[in-house]
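Below is one structure, written out as structure tokens; comments come after it.
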Amino acid sequence: MSSVYKELAFRNEKIDVLYLTQWVSVFQLLIGFVLAPLQALPGFGTPGTGIPNVPYQLKQGARCFLEISGDCRHKNTMLLLPGYVAINFVFNTLGLYITKRSSAVLLSIGYALLLPMTTITFSLKIMGPYREKITSYTWL
């Protein structure tokens, strides 16, 4: 649904894709902080996660990111978060370019094709130990 609103914005106004990406990110951050207390409610968050545990979890997350924690040492964890952010940024920005140059419908078709293509890609031998088996349930 947001793609339709973005398509209308691109048609009615001259908006740069990176500018729109930045504002979408700002609003996602703010909404994330507003909804964060829901993590403390049973059924919404991870069991054992409560508001008093948040500082401890942030500290442990930072220790893992910096590879100070024993479980995270020598696992290149410092590359995982920036790598994820970079891939996510490129993915979302390319989605906005598709919406701007064509339509929200084409973007939806592209996203619908993404899942089966990813599934097939992860079943290839090149994936090595991360290779997934395709079963009859995959096609359902």
Is there any pair with a first residue in segment 61-81 that is closer than 19 Å to residue 49 by Cβ and a second that is among the acidic types (Asp, Glu) and at pLDDT below 90 whose Cβ atoms are under 9 Å apart and which are 6 or more apart or on different chains, and what are they?
64/71
Suppose the filter is aliphatic (A, V, I, L, M) and part of a loop (DSSP other than H, G, I, E, B); does residue 120 pass it?
no
Please go through (1) touching a Lys or Arg at 6+ places or on another chain (Cβ under 8 Å); (2) in a helix (DSSP H, G or I); (3) not small (Gly, Ala, Ser) for residue 67 and return the number of the only condition it doesn't satisfy.
(2)
Going through 98, 87 one at a time, which residue ends up being at negative phi, out of contact with any Asp or Glu (no Cβ under 9 Å at 6 or more places or on another chain) and surrounded by 11 or more Cβ atoms within 10 Å (Cβ to Cβ)?
98
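Here's the yes/no breakdown for (1) farther than 24 Å from residue 109 by Cβ; (2) among the basic types (Lys, Arg); (3) surrounded by 11 or more Cβ atoms within 10 Å (Cβ to Cβ):
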| residue | (1), (2), (3) |
| --- | --- |
| 1 | no, no, no |
| 9 | no, no, yes |
| 14 | yes, yes, no |
| 19 | yes, no, no |
| 25 | yes, no, yes |
| 30 | yes, no, no |
| 37 | yes, no, yes |
| 40 | yes, no, yes |
| 58 | yes, no, no |
Give the residue that is farthest from residue 15 (Cα to Cα), with candidates limited to residues of segment 118-140 that are surrounded by 10 or more Cβ atoms within 10 Å (Cβ to Cβ) and of a type in the set (A, V, I, L, M, F, W, C).
134
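The values are calculated or read from the model by the stated rules, or taken from the named source; none is laboratory data. Nothing here was measured: the structure is a model prediction, and the numbers come from that model. A quick note on method: Cβ atoms are made from the backbone with ideal geometry, for glycine too, and the neighbour counts reach across all protein chains shown.
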